[in-house]
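In what follows, a single structure is set out as structure tokens and then discussed.
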């Protein structure tokens, strides 16, 4: 388990959900955890939305001062350096989507490389229309690496179509995840899915990571 | 059936527009609709279309005017303050009878306001927004699927009546992600004899213009345009009725407010309150018919809005003020909670269930 874990990928691929779940998982293992919302492109639906859950679990959250406010000012606070400079805690970094989101990572990269105890994870969702193939995903991967100046070390297959996702939908993407692994030379370390779907998947594929998803006020119940 | 994909509302609009044959996009970035421009910037160069980030919203809408004049499908998108800037150009489009799509992913106002979701451009959208006698066809999606479907529908209606169309969404719908089946791509071939496409010395040249030197002529043109508006009001209103069969209280809500209201209505039904909803899908033409009918059997109406009471006026007009209409609202980027709507329903039901 590396000290710094970064989640990056195409925007809307599910980075935030995985980052929050991974931070909670680390905490359950008794680790001291800090999570950073490094998203400078997305105006709504971000790590900061999970403040209550994270605080209750005793996880420190660092996010842009103006996140979820009315100010469109994508500035990162100075405390963000703590995630790469204070080596006493486990850090989970939620990077903004695409290369545009990953530019913000660049300034922390030298510290991450110097310490050299990190996992840079590419989050893939093959149900996103601009990354439906391994080749398209690899293109985004390379763009992010160029922007953030940090090479990926692993892949998570988070293919889903929101709350309608079935186990079959996930299984249908396993081949593409393997192909992405082949052409990038990186391992697929997890396949992620919402807890119920994950239970179904466990008997069929290895390394399934169940996720708890946030309920939103506009999800129609019943 | 086509495969489902996971998309943001903003992306769904952009992809649906391309599939409807819109190969020209002009815009200027503004939160919370920037993904439309970003998607177009990525896709258009790959398919031989045009993406152009203009120097301002005013420039963008006038570029739309230019392409619309050639008969091709064209669009722009923005959010509230940016749409105000486009106001002059939208009036010129209407005055020149040009079809085009304008997308407004609303944020809180007035002024610079904020970046959180809002519905407070209802008056601007349904009353015209710019100067002069005119209307836009205005559609209000309530899901990512509808963001895609209504984009195609807006292009069709806009071409059919030569009236600019608007999608009036809000920041939440623009930013939220949902499964969507994208409409099949259409092989769009313009059939617009009025367009400026070159005469080849075979016909008299066409003129696209909103200036009339004689007032009699301008009046006549406006009269003719209003005949088309009348046809739109007769033929095109769309709405959804939800649990209205035995409803004694009627909620009126569109877009994201309708989604919140649905949850509140189901909670109220669980407590035995007979409540339903009419969700306007076209905001102009406003669906007067179902409201007029509901006024005969419902005792009270509630307008649920992310604004200070705008659609409520159309509900009062459509129900001919026969029943009380109350307002349940938040503004400035805030969204009414299902609990707040439930409270308003209980109040309107007045205890006599």
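Nothing in this text is a laboratory measurement; each read-out follows from the coordinates by a stated rule. None of these values were measured; they are calculated from a predicted model. Ideal geometry is used to build each Cβ from the backbone, glycine not excepted, and the neighbour counts take in all protein chains shown.
What to note about this one:
- Max mean-square fluctuation residue, GNM over chain B, Cα-Cα springs under 10 Å, options B:246, B:314, B:133: B:246
- Shape of the range B:120-166, Cα gyration tensor, a/c cut at 1.5: oblate
- Rounded, prolate or oblate (a/c below 1.5 giving rounded, otherwise prolate when a/b exceeds b/c) for chain A by Cα gyration tensor: rounded
- Across B:119, B:33, B:145, mean-square fluctuation computed from a Gaussian network of chain B (C-alpha pairs under 10 Å connected) peaks at B:145.
- Helical content of chain A, expressed as a calculated mean residue ellipticity at 222 nm, amounts to -9500 deg cm²/dmol (DSSP H runs of 4 or more residues, -39,500 (n - 2.57) each, divided by residue number, nearest 500).
- DSSP beta bridge pairing in the range B:219-353, given as percent antiparallel to the nearest 5: 25 percent
- Our summary gives the range B:240-349 a relative contact order of 32 percent, counting only alpha carbon pairs under 8 angstrom and 6 or more residues apart.
- C-alpha center-to-center spacing [the range A:142-217, the range B:11-38] in angstrom: 28 Å
- Residue among A:144, A:121, A:112 with the largest mean-square fluctuation in a Gaussian network model of chain A, springs linking Cα atoms under 10 Å: A:112
- Fraction of beta bridges assigned by DSSP in the protein assembly as shown that are antiparallel (%, nearest 5): 15 percent
- Chain B, helix-only ellipticity at 222 nm - DSSP H runs n ≥ 4, -39,500 (n - 2.57), divided by all residues, nearest 500: -13000 deg cm²/dmol
- Expressed per residue, the C-alpha convex hull volume of the range A:1-93 stands at 90 Å³.
- Estimated inter-spin distance, residue A:204 and residue B:204, nm [label 7 Å along Cα→Cβ]: 6.7 nm
- At R0 = 35 Å, FRET efficiency that the Cβ-Cβ distance of residue A:143 and residue A:55 yields, to 0.05: 0.55
- Only beta bridges with both residues in chain B are counted; by DSSP, about 25 percent of them are antiparallel.
- Per residue, the convex hull spanned by the Cα atoms of chain B amounts to 143 cubic angstrom.
- q = 0.09 Å⁻¹, the protein assembly as shown: log10 I(q)/I(0) [Debye, one scatterer per Cα]: -0.74
- Label point of residue A:189 set 7 angstrom out along Cα-Cβ; within the range A:134-161, amide nitrogens under 12 Å from it belong to A:152-157.
- Relative to one another, the C-alpha centroids of the range B:112-152 and the range B:170-198 are positioned 16 Å apart.
- Pairs of alpha carbons in the range B:240-349 whose separation is greater than 24 Å (percent): 12 percent
- With the simple model of a label 7 Å out from the Cα in the direction of the Cβ, residue B:222 to residue B:50 spans 3.2 nm.
- For the range B:277-338 and the range A:43-70, distance of Cα centres in Å: 35 Å
- Reduced Cα scattering model of the range B:224-305, Debye log10 I(q)/I(0), q = 0.20 Å⁻¹: -0.84
- Order of A:206, A:117 - criterion: other Cβ atoms within 10 Å of each residue's Cβ, fewest first: A:206, A:117
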